[in-house]
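Read the structure below first, then the notes.
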Amino acid sequence: MFNDITTLLLHPKAFKDAVEIFVERYRDMGISAVAGIEARGFIFGPSIALAIGAKFVPLRKPKKLPGEVISEAYVLEYGTDCLEMHVGAVQSGERVLVVDDLVATGGTLSAAMSLLERAGADVVECACLIGLPKFKGRCSLNGKPVHVLVEAINKSM
Ligand SMILES: O=P(O)(O)OC[C@H]1O[C@H](OP(=O)(O)OP(=O)(O)O)[C@H](O)[C@@H]1O
Ligand SMILES: Nc1ncnc2[nH]cnc12
């Protein structure tokens, strides 16, 4: 039941194709920052950022960033967690893309968007490789578009 993107990473052509599909979509959208969610958003986010000429902003789990941070707590399926971002990482009005490997309930993406919006950023879209059945094939979250490359099948059906 664990949707493991590390198998994709072992196939350079598939890994490159996945990044390029995102790059094609986002290259002309005036995006100046790509925010990647720890940990697996760090695998795809920086490549996309470099290719579209944007900066990369890490959204990290608690107590990892050395500078002043703003934090956003969120609820997971089992427990709670928190994302942090450096104060000043994004500017007011900056157009930001959020990247992660996978969306399940959408709680993590919601927290990432809240964090960025509290800092004044304009979240353009969230991009994930995989959408789990829990996300119900939705195309948006909190009024922002969510773009998913692959819908995972429901293995319990
Ligand atoms: O849509 P949601 O229900 O919020 O779940 C999606 C999140 O779950 C996974 O991360 P996880 O919380 O397992 O953290 P990790 O990658 O740091 O282990 C995944 O990489 C997403 O960030
Ligand atoms: N089924 C799943 N596989 C991988 N990562 C996840 N994060 C939340 N649910 C997950």
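The values are calculated or read from the model by the stated rules, or taken from the named source; none is laboratory data. Note that the structure is predicted; figures quoted are calculated from it, not measured. Neighbour counts run over all protein chains shown; Cβ positions are idealised from the backbone, glycine included.
Select, from Leu102, Leu109, Leu97, the only residue that is hydrophobic (A, V, I, L, M, F, W, C) and away from ligand 2 (no atom under 16 Å from the Cβ). Talk me through it step by step, then tell me what you get.
Numbers: Leu102 fails: away from ligand 2 (no atom under 16 Å from the Cβ); Leu109 fails: away from ligand 2 (no atom under 16 Å from the Cβ).
None of the other options fit; the residue is Leu97.
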task: Determine whether segment 49-57 contains at least one residue that is modelled with pLDDT of 95 or more, loosely packed, with under 14 Cβ neighbours inside 10 Å and not polar (S, T, N, Q).
output: yes
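So in segment 119-142, with the set limited to residues that are under 16 Å from the mean Cα position of the chain (by Cα), in a loop (DSSP other than H, G, I, E, B) and free of Cβ contacts under 8 Å to residues at least 40 places away in the same chain, which one is farthest from Gln91 (Cα to Cα)?
Of all residues in segment 119-142, those under 16 Å from the mean Cα position of the chain (by Cα) come to 121-132, 135, 138-142.
Imposing the further condition that a residue be in a loop (DSSP other than H, G, I, E, B) reduces the set to 121, 132, 138-139, 142.
Checking which are free of Cβ contacts under 8 Å to residues at least 40 places away in the same chain leaves us with 138-139, 142.
Values: Arg138: 29, Cys139: 26, Asn142: 21 Å.
Here the residue is Arg138.
Looking at segment 1-70, what helices (runs of 4 or more DSSP H) fall wholly within it and have at least 3 residues that are charged (D, E, K, R)?
Numbers: elements: 6-9, 12-26, 41-52.
Output list reads 12-26.
Suppose the filter is in a loop (DSSP other than H, G, I, E, B), of a type in the set (A, V, I, L, M, F, W, C) and either buried (at least 22 other Cβ atoms within 10 Å of the Cβ) or in contact with a Ser or Thr (Cβ under 6 Å, 6 or more places away or on another chain) (or both); does Val90 pass it? Break it down into steps so the answer makes sense when it comes.
Values: in a loop (DSSP other than H, G, I, E, B): yes; of a type in the set (A, V, I, L, M, F, W, C): yes; either buried (at least 22 other Cβ atoms within 10 Å of the Cβ) or in contact with a Ser or Thr (Cβ under 6 Å, 6 or more places away or on another chain) (or both): yes.
Yes, satisfied.
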message: Taking the condition of being under 9 Å from the mean Cα position of the chain (by Cα), of a type outside the set (A, V, I, L, M) and not in a helix (DSSP H, G or I), how many residues in segment 101-118 meet it?
response: 1
